Amino acid sequence: MFSTRLTSDKTLQTENRYGLQADREADSTEGLDEDMIVTQSQTNFICPITQLEMKKPVKNKVCGHTYDEEAIVRMIESKHRRKKKACCPKVGCSHIDMRISDLIQDEALRRAIENHNKKRRRQST
């Protein structure tokens with residue numbers, strides 16, 4: 001009986017200690033999550049071909065990846081001139097026969113990039 005009570009007291013102390021520690025960790029990582037979300041959204045603005053921010057993003061109807069229009073059109077045309085299939089340049093994508101007709105303008109992403117750049121300009125002034 002005495003050992004059971006001692007064990008439950010230690011368990012309670014351990015739970016309290018880790019519970020408090022988890023709360024402190026959550027507080028300190030909250031800002032980190034926001035930074036990761038911002039970084040992730042900025043990463044989605046980068047063309048996988050040029051590694052630059054997209055100006056005219058287009059989406060591939062087949063695999064759903066986006067690229068800067070000028071870069072992807074140049075890549076597809078270059079491959080087709082050499083009688084080769086154009087593969088999606090996004091790492092890990094299995095789409096191996098891209099065509100210009102697969103591409104559609106991504107207006108939502110274009111507006112998101114413009115809004116992001118406007119916010120960034122406002123914050124820097």
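The values are calculated or read from the model by the stated rules, or taken from the named source; none is laboratory data. Please read these numbers as outputs of a predicted model, since none were measured by experiment. Accessible surface is based on the protein model in full, side chains and every heavy atom, while ligands, DNA and RNA are left aside. Shrake-Rupley method; radii C 1.70, N 1.55, O 1.52, S 1.80 Å.
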On full extension of the chain, what length is gained from Arg82 through Ser94, given 0.36 nm per residue of separation minus the C-alpha to C-alpha distance?
2.3 nm
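Just the accessible area per residue of segment 57-124, please: how many Å² with a 1.4 Å probe?
Details: 4580 Å² over 68 residues.
Averaged over the residues of segment 57-124, the accessible area is 67 Å².
Which value, to two decimals, describes the C-alpha radius of gyration of segment 57-124 once divided by 2.2 N^0.38 Å? Let's see the in-between values first.
Details: Rg = 14.5 Å, N = 68, 2.2 N^0.38 = 10.9 Å.
Rounded to two decimals, the normalised Rg is 1.32.
Taking a threshold of 26 Å on the Cα-Cα distance, which of the pairs Lys56/Lys118; Lys56/Lys85; Lys55/Lys90; Lys90/Lys119 fall above it? List each step's numbers first, then the result.
Details: Lys56/Lys118 16 Å; Lys56/Lys85 23 Å; Lys55/Lys90 18 Å; Lys90/Lys119 28 Å.
In this structure, Lys90/Lys119 lie more than 26 Å apart at Cα.
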With every protein chain left in place and a probe of 1.4 Å, what is the accessible surface of Ser94, to the nearest 10 Å²?
100 Å²
